[in-house]
1. So in region 183-221, with the set limited to residues that are farther than 22 Å from residue 168 by Cβ and in a loop (DSSP other than H, G, I, E, B), which one is least open to solvent (accessible area, probe 1.4 Å)?
2. Tally the residues that are more than 26 Å from residue 214 (Cβ to Cβ) and open to solvent by less than 60 Å² (accessible area, probe 1.4 Å), restricting the search to region 231-246.
3. Within the bounds of region 65-75, is there any residue that is among the hydrophobic types (A, V, I, L, M, F, W, C), assigned to a loop (DSSP other than H, G, I, E, B), at pLDDT 95 or above and out of contact with any strand residue (DSSP E or B) (no Cβ under 8 Å at 6 or more places or on another chain)?
4. Restricting attention to region 94-116, which residues are assigned to a loop (DSSP other than H, G, I, E, B), over 17 Å from the mean Cα position of the chain (by Cα) and not charged (D, E, K, R)?
5. (1) modelled with pLDDT under 95; (2) not in a helix (DSSP H, G or I): which one isn't true of residue 13, the others all being true?
6. Which ones in region 67-116 are open to solvent by 50 Å² or more (accessible area, probe 1.4 Å) and polar (S, T, N, Q)?
7. Mind checking whether some residue in region 247-254 is open to solvent by 10 Å² or more (accessible area, probe 1.4 Å), closer than 16 Å to residue 197 by Cα and in contact with a Gly (Cβ under 7 Å, 6 or more places away or on another chain)?
8. Of the numbered conditions (1) out of contact with any Lys or Arg (no Cβ under 8 Å at 6 or more places or on another chain); (2) farther than 19 Å from residue 179 by Cα; (3) of a type outside the set (S, T, N, Q); (4) at pLDDT 95 or above, residue 276 satisfies every one except a single condition; which is it?
Amino acid sequence: MASSGLGDVQQVEAFVHQLINPATRENALLELSKKRENFPELAPYLWHSFGAIAALLQEIVSIYPLLSPPSLTAHASNRVCNALALLQCVASHNETRALFLQAHIPLFLYPFLQTMSKTRPFEYLRLTSLGVIGALVKVDDTDVINFLLSTEIIPLCLRTMEIGTELSKTVATFIVQKILLDDVGLNYICATAERFFAVGAVLGNMVVAQAQMVDQPSQRLLKHIIRCYLRLSDNPRAREALRSCLPELLRNAQFTACLKNDDTTRRWLAQLLINVGFPDAAAALGALDVVQPTPMTGA
């Protein structure tokens, strides 16, 4: 972790102070977003500085009128995304993460995840908003999962998994994966057939979409999809349902050939196929030497 000299601290303090003034805020947002990596204590500085978080929320709320009808410009998107990048910094920091949740700040981002426009400014806005939620779930914390489930994050992630670019689909699927890996999240999604099939349908559609790509499928996205399916198979009722609704493409050696150099994902897929009753397809992956005969749990 990079150390910060007195000059850096004074610079950051000056820019944080400039956030409060609307006339100097845009440049302060830009400069502070550049300093995130080299100033590890930026999050506490932002949180404990008078008016700083309020200024970031003002930036977010100010573009709500541009969401519907969609009229967001690239400049407005870049500006608010700099504010979101600073909120991601706050969401990532051990000292400020719980405070960030207690203030219900993620709710301010949800309108951005409800947008349907596929233009670049909106996609950038969605992706950066997902980055904030992704920062929250990276640390295994049931309080985070409970908050996200209670505020209906799953449907918002599923929407992005359906309409987003490959990168935003990947981040949204990662968030769903991290929710599933927590027992609270798995139980929530498997509690009703409606929730399970909503998640399963979107995962299945993404597998089909990957098969239709001109280039080979995205290994990173496919890895998250398979891990979601594997975790679902830890639930007995979901495992039964997956026997009939797991995409056949995941048993197609030609489709899964893109995973030949990814031992971890091949093992996950082999375990998934065994769990739902397709041992022959699992054997074709050549990963059986490291697969257990009973469902896995955990990350």
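1. This residue is 190.
2. Qualifying residue count for the region: 10.
3. Checking region 65-75: at least one residue is among the hydrophobic types (A, V, I, L, M, F, W, C), assigned to a loop (DSSP other than H, G, I, E, B), at pLDDT 95 or above and out of contact with any strand residue (DSSP E or B) (no Cβ under 8 Å at 6 or more places or on another chain).
4. Answer for region 94-116, where residues must be assigned to a loop (DSSP other than H, G, I, E, B), over 17 Å from the mean Cα position of the chain (by Cα) and not charged (D, E, K, R): 94, 96, 103, 104, 116.
5. Of (1) modelled with pLDDT under 95; (2) not in a helix (DSSP H, G or I), only one is false for residue 13: (2).
6. Hits for region 67-116 are 68, 71, 73, 78, 88, 92, 94, 102, 114.
7. Yes: region 247-254 contains one or more residues that are open to solvent by 10 Å² or more (accessible area, probe 1.4 Å), closer than 16 Å to residue 197 by Cα and in contact with a Gly (Cβ under 7 Å, 6 or more places away or on another chain).
8. (1) is the only condition that residue 276 fails.
The values are calculated or read from the model by the stated rules, or taken from the named source; none is laboratory data. As the structure is a computational prediction, the values presented were derived from the model and not from experiment. All Cβ positions, glycine included, derive from the backbone under ideal geometry; neighbour counts span all protein chains shown. The area values use the complete protein model at the heavy-atom level, side chains included, leaving out ligands, DNA and RNA. Shrake-Rupley method; radii C 1.70, N 1.55, O 1.52, S 1.80 Å.
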